[in-house]
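Reading through the structure tokens given below for one structure.
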Amino acid sequence: MENGDKKFESVYSTKVRAGKRRTYFFDVRKTKGDDYYITLTESTKKFDGNGYERHKLFLYKEDFNRFLGGIQDAISHVKTELMPDYDYEEFERRQAEWEAKRAAEDAAEAAGETSEASKTESTENKESDTDESSGDDDMSW
């Protein structure tokens with residue numbers, strides 16, 4: 001907190017990537033009065049590639065239990081009543097596969113073992129990752 005520029009100190013932060021374009025940030029902040037609250041930020045990459053849109057929600061300690069109960073209730077309703085047959089683990093598996101593939105590519109590249117074919121494939125994947133015409137599905141990596 002240099003020169004008092006920062007009003008609230010961040011004491012904990014975590015992020016959740018939700019596809020190529022969307023990330024959620026969960027930040028615990030401390031007020032000057034030694035109190036705590038959470039900011040939830042959705043950051044979405046703009047389709048034109050020029051920056052990000054951010055939306056924030058401030059969650060105060062007196063609302064933690066009600067908020068948690070409300071979100072659990074809403075998610076449970078969707079999972080059990082509206083879409084009981086949907087595979088909610090699909091995106092976790094896809095994310096894990098994507099991360100494993102990326103880690104293997106990075107390790108091979110670091111070891112100097114990247115073949116010309118995998119370089120070409122990697123280049124094609126990076127180009128398709130930035131292709132704005134791929135649709136609205138944030139999870140289509």
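The values are calculated or read from the model by the stated rules, or taken from the named source; none is laboratory data. Keep in mind that what you see is a predicted model, and the values were worked out from it rather than measured. Methodologically, a virtual Cβ is constructed for each residue, glycine included, from the backbone with ideal geometry; neighbour enumeration extends over all protein chains shown.
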**Prompt:** Of the residues 35, 27, 63, which single one is outside the structural domain of residue 92 (by TED's automatic domain parsing), modelled with pLDDT under 95 and either farther than 23 Å from residue 93 by Cα or among the aliphatic types (A, V, I, L, M) (or both)?
**Reply:** 35
**Request:** Mind counting the residues in the range 7-24 that are outside any strand (DSSP E or B) and either modelled with pLDDT of 95 or more or surrounded by 10 or more Cβ atoms within 10 Å (Cβ to Cβ) (or both)?
**Result:** 5
**Message:** Among the residues that make up the range 69-86, is at least one of them touching a residue at least 24 places away in the same chain (Cβ under 8 Å) and loosely packed, with under 10 Cβ neighbours inside 10 Å?
**Reply:** no
**Message:** Checking residue 89 against (1) closer than 23 Å to residue 99 by Cβ; (2) surrounded by 10 or more Cβ atoms within 10 Å (Cβ to Cβ): exactly one of these is not met. Which one?
**Reply:** (2)
**Asked** For residue 121, are the conditions met, namely being part of a helix (DSSP H, G or I), surrounded by 11 or more Cβ atoms within 10 Å (Cβ to Cβ) and at pLDDT 80 or above?
**Response** no
**Prompt:** In the range 40-48, is there at least one residue being outside the structural domain of residue 94 (by TED's automatic domain parsing), assigned to a strand (DSSP E or B), over 27 Å from residue 99 (Cα atoms) and not small (Gly, Ala, Ser)?
**Reply:** no
**Asked** Does residue 54 fit the bill of being surrounded by 10 or more Cβ atoms within 10 Å (Cβ to Cβ), under 19 Å from the mean Cα position of the chain (by Cα) and either assigned to a helix (DSSP H, G or I) or acidic (Asp, Glu) (or both)?
**Response** no
